[in-house]
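Comments concern the structure below.
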Amino acid sequence: MQKSILIVGACGQIGTELTYALRDKYGNENVIASDIREGNDDLMGSGPFEILDATDYDALEEVVAYYEIDEVYLMAAMLSATAEKFPMRAWNLNMNSLFNVLNLGKEKKIEKIFWPSSIAVFGMNTPKSDTPQSTIMEPSTVYGISKQSGERWCDYYHHKFGVDVRSVRYPGLISWKTKPGGGTTDYAVEIYHKALAEAKYTCFLKADTALPMMFMDDAIRATLQIMDTDYEKVKIRSSYNLSAMSFTPSEIAEIIKKHIPDFEISYDPDFRQAIANSWPSSIDDSSAQLDWGWKAEFDLEKTTEEMLGNLKK
Ligand code: AKB
């Protein structure tokens, strides 16, 4: 079926690859990329592009009406580390953009919404390992608070107004096409760039800090998969736990050393250590497996091969 899709925040780490994947699937002309700044056409695939501020409801509504949009993927957000520096800006962006899109759904101007949540919804009192779908949350970061609130609003708009909103809690995402910006898990991308350029890396987290991570191809596949799932099978309308792998900085360094034997890692933890300490070390995603057949394909070995192989080119 022909549909018209709008990606808000198309130039970010996930948005760029998601735009490319959606254009590949639905045709370039049917996928409208938008962001507050221009992006990289080579990475997103060519197609319509709009400069759009996700917090401006009128501007968003105008683009939705003009292109007769059916589905919106809202990828614009301020991530954990940056949000600690600019709490009110983060709250404003992360919440108002979500309300704008949910209200378009409530007013029946769009049919379906994807909105990403994060492992940041969890906090210090959450069970750390194999964190269950439903558990104590109590996030202690600005970003985590915005994501947890967002989840509650998604669930509310679904049950109260019938909005078809779908969401996953992304772990740290590892990609070679676009760099992340302002997250606590960013080290797991930087380390590959530095390993190839300088054969050394100073990590801003401690050696034994285990965090849940995922290769970008898996994250994009999960996103397309939950959006393709039949309406009644998407039982959780807050957000699904999603898992692929879990590792520490010293473990990723060991794997990189297999490819670059003289690679050296050192540690200089900063304020991001406290954020990482409050997050789970691994995630139980059995609800996503059961409800819509989720299964990750990339482990740390395979991710490392992809990262080093592609960054070398
Ligand atoms: C971050 O580190 O802030 C993000 C996330 C885990 O949501 N990558």
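Here is a check on your reading of the model: is TYR157 within 12 Å of the ligand (Cβ to nearest atom), among the aromatic types (Phe, Trp, Tyr) and modelled with pLDDT of 95 or more?
no
Tell me whether region 256-273 contains one or more residues that are within 15 Å of ARG166 (Cα to Cα) and either surrounded by 20 or more Cβ atoms within 10 Å (Cβ to Cβ) or within 22 Å of the chain's Cα centre (by Cα) (or both).
Looking through region 256-273, none of the residues is within 15 Å of ARG166 (Cα to Cα) and either surrounded by 20 or more Cβ atoms within 10 Å (Cβ to Cβ) or within 22 Å of the chain's Cα centre (by Cα) (or both).
Output the residues belonging to region 134-162 that are under 17 Å from the mean Cα position of the chain (by Cα) and surrounded by fewer than 18 Cβ atoms within 10 Å (Cβ to Cβ).
Matches in region 134-162: SER149 only.
Would you say ASN94 is away from the ligand (no atom under 16 Å from the Cβ) and either in contact with an Asp or Glu (Cβ under 8 Å, 6 or more places away or on another chain) or assigned by TED's automatic domain parsing to the domain that holds ASP70 (or both)?
no
For the condition more than 24 Å from ASP164 (Cβ to Cβ) and either out of contact with any strand residue (DSSP E or B) (no Cβ under 7 Å at 6 or more places or on another chain) or of a type in the set (Phe, Trp, Tyr) (or both), what is the one hit in THR304, THR229?
Unique residue meeting the criteria: THR304.
Okay, residues lined up against (1) under 18 Å from ILE275 (Cβ atoms); (2) touching a residue at least 60 places away in the same chain (Cβ under 8 Å); (3) small (Gly, Ala, Ser):
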residue: PHE86; (1), (2), (3): yes, no, no
residue: LYS112; (1), (2), (3): no, yes, no
residue: GLY123; (1), (2), (3): yes, yes, yes
residue: PRO132; (1), (2), (3): no, yes, no
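From LYS295, LYS313, which residue is charged (D, E, K, R), modelled with pLDDT under 95 and loosely packed, with under 15 Cβ neighbours inside 10 Å?
Just a single option satisfies the conditions, and that option is LYS313.
Can you pull out every residue in region 1-19 that is part of a helix (DSSP H, G or I) and in contact (Cβ under 8 Å) with a residue 60 or more places away in the chain?
Answer for region 1-19, where residues must be part of a helix (DSSP H, G or I) and in contact (Cβ under 8 Å) with a residue 60 or more places away in the chain: GLN13, ILE14, GLY15, THR16, GLU17, LEU18.
Of the conditions (1) among the hydroxyl-bearing types (Ser, Thr, Tyr); (2) farther than 20 Å from GLY181 by Cα; (3) in a helix (DSSP H, G or I), SER46 clears all except one; give me its number.
Going through the list (1) among the hydroxyl-bearing types (Ser, Thr, Tyr); (2) farther than 20 Å from GLY181 by Cα; (3) in a helix (DSSP H, G or I), SER46 breaks only (3).
Checking LYS179 against (1) modelled with pLDDT of 95 or more; (2) out of contact with any Leu (no Cβ under 8 Å at 6 or more places or on another chain); (3) more than 17 Å from LYS108 (Cα to Cα): exactly one of these is not met. Which one?
Of the numbered conditions (1) modelled with pLDDT of 95 or more; (2) out of contact with any Leu (no Cβ under 8 Å at 6 or more places or on another chain); (3) more than 17 Å from LYS108 (Cα to Cα), the odd one out for LYS179 is (1).
Would you confirm, using the coordinates I've provided, whether GLU61 is touching a residue at least 40 places away in the same chain (Cβ under 8 Å) and either of a type in the set (Lys, Arg) or assigned to a loop (DSSP other than H, G, I, E, B) (or both)?
Considered against the rule, which asks whether it is touching a residue at least 40 places away in the same chain (Cβ under 8 Å) and either of a type in the set (Lys, Arg) or assigned to a loop (DSSP other than H, G, I, E, B) (or both), GLU61 comes out as no.
For residues that are away from the ligand (no atom under 15 Å from the Cβ) and not hydrophobic (A, V, I, L, M, F, W, C), scanning just region 190-206, find the one that is farthest from SER246 (Cα to Cα).
Filtering region 190-206 for residues that are away from the ligand (no atom under 15 Å from the Cβ) and not hydrophobic (A, V, I, L, M, F, W, C), the one farthest from SER246 (Cα to Cα) comes out as GLU198.
Give region 73-105 a look and list any residue that's surrounded by 15 or more Cβ atoms within 10 Å (Cβ to Cβ) and farther than 20 Å from ILE14 by Cβ, or say none.
Matches in region 73-105: GLU84, PRO87, TRP91, PHE99, ASN103, LEU104, GLY105.
Could you check, for region 181-189, whether at least one of its residues is within 12 Å of the ligand (Cβ to nearest atom), exposed (fewer than 15 other Cβ atoms within 10 Å of the Cβ), touching a residue at least 40 places away in the same chain (Cβ under 8 Å) and farther than 14 Å from ILE236 by Cβ?
Looking for residues that are within 12 Å of the ligand (Cβ to nearest atom), exposed (fewer than 15 other Cβ atoms within 10 Å of the Cβ), touching a residue at least 40 places away in the same chain (Cβ under 8 Å) and farther than 14 Å from ILE236 by Cβ, one finds at least one in region 181-189, hence yes.
The values are calculated or read from the model by the stated rules, or taken from the named source; none is laboratory data. Since the model is a prediction, treat every value here as computed from it, not as a measurement. Because the Cβ atoms are built from the backbone with ideal geometry, glycine has one as well, and the counts that use them run over all protein chains shown.
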